[in-house]
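> Shown below is the structure under consideration.
The values are calculated or read from the model by the stated rules, or taken from the named source; none is laboratory data. For clarity, every value in this text was computed on a predicted model and none was experimentally measured. Every residue, glycine as well, gets a Cβ built from its backbone with ideal geometry; the counts of neighbours run over all protein chains shown. Just so you know, the surface numbers come from the protein's heavy atoms only, side chains and all, with ligands and any DNA or RNA stripped out. Shrake-Rupley method; radii C 1.70, N 1.55, O 1.52, S 1.80 Å.
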Amino acid sequence: MALLKDAKGFGLAWEESLGFAQAVKVGDTIYVSGQLGLDDKGNMVGPPPLDDSGRIRDYSNMETQMRQTYANAKKILSQFGATLENVVEEVLYVLDMETAFAAFGPVRKEAYASKRPAVASTMVVTPRLSLPTQLIEIKFIAKVQ
Amino acid sequence: MALLKDAKGFGLAWEESLGFAQAVKVGDTIYVSGQLGLDDKGNMVGPPPLDDSGRIRDYSNMETQMRQTYANAKKILSQFGATLENVVEEVLYVLDMETAFAAFGPVRKEAYASKRPAVASTMVVTPRLSLPTQLIEIKFIAKVQ
Amino acid sequence: MALLKDAKGFGLAWEESLGFAQAVKVGDTIYVSGQLGLDDKGNMVGPPPLDDSGRIRDYSNMETQMRQTYANAKKILSQFGATLENVVEEVLYVLDMETAFAAFGPVRKEAYASKRPAVASTMVVTPRLSLPTQLIEIKFIAKVQ
């Protein structure tokens, strides 16, 4: 018998061209693909300035993209009737630790609506994410009852 | 009472010397270690050309290694009576985003035998993987019934 | 009905200021945040020598920090009545592959008290972890009965 998977997306063209789901629910667990700071029109919020060779010149928009990333996670979880309160684990991949570390507390406390989010969290630096103007990507595991 | 773990490997010498399992099943969940592009004899497929200091000169074999990595994931899952259809989450660690992004759609659609794999997926760049000629590593979580 | 989460920490000030849990248990699964090589007083064990610009000069303390990281994972798991035997998956983020690869076998066999730990394992290089003297971070998923 085939495994019963409930797969959801945002209805974006590249979800189909790339061939993946924004989130998949099996049983009581929801696996959420790495989310990023795109707005509803598919544009990156707070795109950083690039130099002539396409390298990111500063990371000061980290907080802006982090906030949008949690908004998108919330949006995809809502398709399963879940919220960020259902998140049990998150992994943050960031291009710069200093700016991400500074935003980590305030942005997440606001997003999780809690002074002490009950979430296991890991944050590491990566040299490059999928899109050239992307500063952060976060993947999640959530549990439902 | 000890936890009942079903651990599997490929029978390679370094699984024992390093001390890990290629995959572990507990209950309905299979956790698969980062897979890579080794063939049945333990040789890297599509090893990239290295310069005099051992640095990788180009990433054009990314697709070849990606395809082999999924073949190996399929192989280890089969030991549990599972297939790639059981995968719910994958994380791809790649040395180069451009070549990996180009291969991502076609290779995975073929591997998952689906135009729209129901898999949560995250891909990030890492500067270095375990083996010097390794371009990609992918870890998986699969669910069985 | 709200999801029942059992969140644990070490009682450190920055767990509250940053707003996360060292580990969260829901049902039979424990998600452990990236652990690092801090001692009981919150000091990094084996801090590497830094050059004038704050860059790490050598990675020879990798084994020391790796051992302490497993000790801390053991400590947080014990709060749930679990041990490292309950671990099913680990992801190691390291600043240097050579030293980490050399330490991987011996340190883990000792930590897991097994010649062949039944753990799915993935190790990748990251350019930078949370703290400037941190050489390694490891996240875990554990299962209990």
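> Under the definition of Cα pairs under 8 Å and six or more residues apart, what whole-number percent is the relative contact order of segment B:1-67?
Relative contact order for segment B:1-67 comes out at 21 percent.
> How far apart are the B:Asp28 label points across copies, placing each 7 Å from Cα toward Cβ, in nm, shortest first?
So the distances to the same position in the other copies read 1.1, 1.1 nm.
> Cα axis of helix C:97-111 to longest principal axis of chain C: angle in degrees, 0 to 90, nearest 10?
40 degrees
> To the nearest hundred square angstrom, how large is the accessible surface buried between C and A, total for both chains, probe 1.4 angstrom?
2500 Å²
> Using a 1.4 Å probe on the heavy atoms of the protein chains only, list every residue of segment A:104-128 that has 50 Å² or more less accessible area in the complete assembly than in its chain alone.
Correct list: A:Arg116, A:Ala118, A:Ala120, A:Thr122, A:Val124, A:Val125, A:Pro127, A:Arg128.
> If you take the beta carbon distance between A:Trp14 and C:Leu4 as r and set R0 to 30 Å, what does 1/(1 + (r/R0)^6) give as a FRET efficiency, to the nearest 0.05?
Result of the calculation: an efficiency of 0.20.
> Which value results for Rg/Rh of segment C:103-145 when Rg is the Cα radius of gyration and Rh the Kirkwood radius based on the inverse mean 1/r?
1.02
> I've got another one for you. Report the label-to-label distance for A:Asn43 and C:Arg116 in nanometres (one decimal), using points 7 Å from each Cα along the Cα→Cβ vector.
5.8 nm
> How much of the accessible area of chain C, in percent, comes from carbon and sulfur atoms when a 1.4 Å probe is used?
51 percent
> Roughly how tilted is helix A:62-78, in degrees to the nearest 10 and between 0 and 90, from the longest Cα axis of chain A?
So the helix axis and the longest Cα principal axis differ by about 10 degrees.
> Here's another thing I want to ask about it. Contact order normalised by length for segment B:34-145, with contacts defined as Cα pairs under 8 Å and 6 or more residues apart; what percent is it?
Here the relative contact order equals 36 percent.
> Moving on. List, largest first, the extents of the alpha carbons of segment C:61-145 along their principal axes, each in whole Å.
37, 26, 19
> Where nothing but the Cβ of Lys and Arg (+1) and of Asp and Glu (-1) is charged, how large is the charge dipole of the protein assembly as shown around its Cα centre, in debye to the nearest 20?
Result for the protein assembly as shown is approximately 1100 debye, rounded to the nearest 20.
> Translational diffusion coefficient, Stokes-Einstein: compute it for chain C using the Kirkwood radius over C-alpha pairs as Rh, at 4 °C and 1.567 mPa s, and state it as an integer in µm² s⁻¹.
82 µm²/s
> Kirkwood Rh and Cα-based Rg: tell me the resulting Rg over Rh for segment C:13-57, rounded to two decimals.
Reported Rg/Rh, Kirkwood definition of Rh: 1.14.
> With just the Cα atoms defining each centre, how far is segment C:97-112 from segment A:49-64? Give it in Å.
37 Å
> Where the label is 7 Å out from Cα toward Cβ, how close does A:Arg55 come to the same position in every other copy, in nm, shortest first?
The answer, with the shortest distance listed first, is 1.2, 1.2 nm.
> Right, here's the next one. Considering the convex hull of the alpha carbon atoms of the protein assembly as shown, report its projected area averaged over all viewing directions, in nm², one decimal.
Over all viewing directions, the protein assembly as shown projects a mean Cα-hull area of 20.4 nm².
> Label-to-label distances across copies for B:Ala2, with labels 7 Å out along Cα→Cβ, in nm, shortest first?
For B:Ala2, the inter-copy label distances come out at 3.9, 3.9 nm.
> Now for a separate question. What is the packing order of peptides C:64-72, C:89-97, B:38-46, taking the mean over residues of other C-beta atoms within 10 Å and listing the highest first?
Sorting C:64-72, C:89-97, B:38-46 by mean packing, highest first, produces C:89-97, C:64-72, B:38-46.
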